[in-house]
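First up is the structure itself, then whatever we jot down about it.
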Amino acid sequence: MHPVLTVEKSQVLRVVNSLFVHGDNLTELSKENPDIDVPSIVNWLRTHLGMRVFPVNDPSALGLSLTLVTMACSPMASAKFIYDALGGIVSSVVKDVNSPRRFSLVVYFPHGSRDFTSLLNNLVENELCSSYDIAEIKERYYYKPDYENFDFESGTFGEMKEEERDPMRYEVNSKTFLRPDWVDVNLQGKRQERADLSLKEVAIELGLPFKEAVYHWTKHVEKRQVVGYNVWLFRSAFRLTVYHPKELMGRLSRIPTTVLTSCADDVCYTAALGQVHQLLPTTTFLSQLVAEGHDLTFYLSPTKPTWEYVLTATIPYEYFGRDGEWHFDVDTITRKVEPILRKAREEFT
């Protein structure tokens, strides 16, 4: 039986809003909310809602660019297959349940290089995908889930509101930013991957002395590299990935679980997570926008079966060397994924 929340919702919201800035650093959270029993609320959010807190970094500051890829692939391919076939250099993959040949993904790669397209070509040459289009992402806008419209006891969102929400612009402070080393990047990647682990447990997984992990996390990552945090208090049943012109950003922010809009030169895509009861009203809202004449398409991707239709991933920290540089060698990746493609050719045909 879950403990009962005994404080006002306004106090919980204050702590949740602070989590987006400070993560689960109880010292900083308590400084910002001195009149609130922060540890009790954070513990309640973890035990009752399974709260997960993920660090957000600026890929550009880490020397990475993000490229939006839309692909037509075998309907037998899963999101996990695409991730594996590209050697894990992917931020997210979604497959449209209504048109299972349609895939949308975001690829990480070092600034100024498009060598990753050889990996996409490899999928086409192996007849596992038939075509693709790419566009470099220039802007990213983050949204907090609308927790003001959230019932903390039941863990559910209310109905869509008329008001549009403003995005958060997570930006690196160029005056204080510290170029990350191997420990910094691996700590960030592992804490994105396993938000359920304590810093001590992360240090053990990475084979680091705990004191070294604490120093790098508190002195480097928290203060001079991470630009904010994502705070999840709910489990989603599906993800909607909406392609649209930039002027529709505000309208789409009305969806309580819109969390990210990324824009290339000619198109934006917005990611919105959702609970079961939100599916019909959200897809109806999108259909209304289409009926109004807006150029909008969307992918519907259920979260179950796991990694079949949607997969989100960490920064590809395994490609960051102890010399402080990224090492994406496409020839090495191609050799690594060949058994995966060979098996897929047998299974998909």
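The values are calculated or read from the model by the stated rules, or taken from the named source; none is laboratory data. Keep in mind that this is a model prediction, so the values were computed, not measured. Positions of Cβ are generated from backbone atoms using ideal geometry, with glycine treated the same way; all protein chains shown enter the neighbour counts.
I'd like to know if the stretch 73-88 contains one or more residues that are at pLDDT below 95, surrounded by 20 or more Cβ atoms within 10 Å (Cβ to Cβ) and of a type outside the set (D, E, K, R). Among the residues of the stretch 73-88, not one is at pLDDT below 95, surrounded by 20 or more Cβ atoms within 10 Å (Cβ to Cβ) and of a type outside the set (D, E, K, R), which makes the answer no.
Residues of the stretch 70-99 that are touching a helix residue (DSSP H, G or I) at 6+ places or on another chain (Cβ under 8 Å) and assigned to a strand (DSSP E or B): M71, C73, V90, V93, V94, K95.
Note down all Cβ pairs under 9 Å where the first residue falls in the stretch 212-232 and is among the acidic types (D, E), the second is outside any helix (DSSP H, G or I), and they're at least six residues apart or on different chains. Close Cβ pairs satisfying both conditions: E222/G23; E222/N25; E222/P55. Applying the set (1) under 21 Å from L86 (Cα atoms); (2) surrounded by 14 or more Cβ atoms within 10 Å (Cβ to Cβ) to D329 leaves exactly one unmet item: (2). Taken together, V226, V221, V231 contain a single residue that is surrounded by 13 or more Cβ atoms within 10 Å (Cβ to Cβ), touching a strand residue (DSSP E or B) at 6+ places or on another chain (Cβ under 8 Å) and either at positive phi or in a strand (DSSP E or B) (or both), which is V231. Working carefully through the options S65, S118, find the one that is under 24 Å from the mean Cα position of the chain (by Cα) and in contact (Cβ under 8 Å) with a residue 40 or more places away in the chain. Within the list S65, S118, the selection yields S65.
Looking only at the stretch 305-313, decide whether some residue is of a type in the set (F, W, Y), surrounded by 13 or more Cβ atoms within 10 Å (Cβ to Cβ) and on the phi > 0 side of the Ramachandran plot. Yes, some residue in the stretch 305-313 is of a type in the set (F, W, Y), surrounded by 13 or more Cβ atoms within 10 Å (Cβ to Cβ) and on the phi > 0 side of the Ramachandran plot. Among the residues of the stretch 188-209, none is identified as in a loop (DSSP other than H, G, I, E, B), modelled with pLDDT of 95 or more and touching a strand residue (DSSP E or B) at 6+ places or on another chain (Cβ under 6 Å). Within the span defined as the stretch 257-280, every residue fails to be more than 17 Å from the chain's Cα centre (by Cα), over 22 Å from D133 (Cα atoms) and among the acidic types (D, E).
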